[in-house]
Amino acid sequence: MECLGVKAVPMGPTPGGGGGGVVVEVREKKGPLRAAIPTMPFPLAVICLFLNTFIPGLGTFISAFTVLCGARSELVAERGACCVFWLNVAAALIQIATAVIMVGWIMSIFWGMDMVILASYRDQSVPQDV
């Protein structure tokens, strides 16, 4: 089950005399576009969310440049900042191109919400793979 992103850990007997149990840990598997979302300062993430809400793809496009300015992403160590930059530009172009049929607009809003969530984890010093 490890390949599915779910990990089961058997537990021994508890001090109260009860039987053992299983602790299940679930980790979300992210695709390359989702893993490329940069972790920005909170105010910038909120601005990008606002821009993505009213002009689909614009906040995502601006967030791509934050990668070149040193913003972290889950993929930067693996693929490099340049590749992550282009993945974010591709995500912005997909949002812009599909905004006409509402898919890109909704995707853009969710992308902005992910940016804010990642920024709040950054400010709280919580690991990003939650």
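Would you confirm, using the coordinates I've provided, whether PHE110 is modelled with pLDDT of 95 or more, in contact with a helix residue (DSSP H, G or I) (Cβ under 6 Å, 6 or more places away or on another chain) and aromatic (Phe, Trp, Tyr)?
So PHE110 fails the test.
Output the qualifying pairs, or none if there are none: Cβ atoms under 6 angstrom, residues six or more apart or on different chains, first residue in region 11-32 and under 30 Å from ALA77 (Cα atoms), second residue modelled with pLDDT under 60 and assigned to a loop (DSSP other than H, G, I, E, B).
From residues that are under 30 Å from ALA77 (Cα atoms), the pairs are ARG27/GLY5; LYS29/GLY5.
When region 23-66 is examined, which residues are found to be surrounded by 18 or more Cβ atoms within 10 Å (Cβ to Cβ), of a type in the set (S, T, N, Q) and either touching a His at 6+ places or on another chain (Cβ under 9 Å) or assigned to a helix (DSSP H, G or I) (or both)?
Matches in region 23-66: ASN52, THR60, SER63, THR66.
From the set of residues in region 67-100 that are in contact (Cβ under 8 Å) with a residue 24 or more places away in the chain and not in a helix (DSSP H, G or I), which is nearest to LEU44 (Cα to Cα)?
Here the answer is ALA71.
The values are calculated or read from the model by the stated rules, or taken from the named source; none is laboratory data. The model shown is predicted, which means the values in this text are computed figures rather than measured ones. Glycine also receives a Cβ, built like all others from the backbone with ideal geometry; neighbour counts cover every protein chain displayed.
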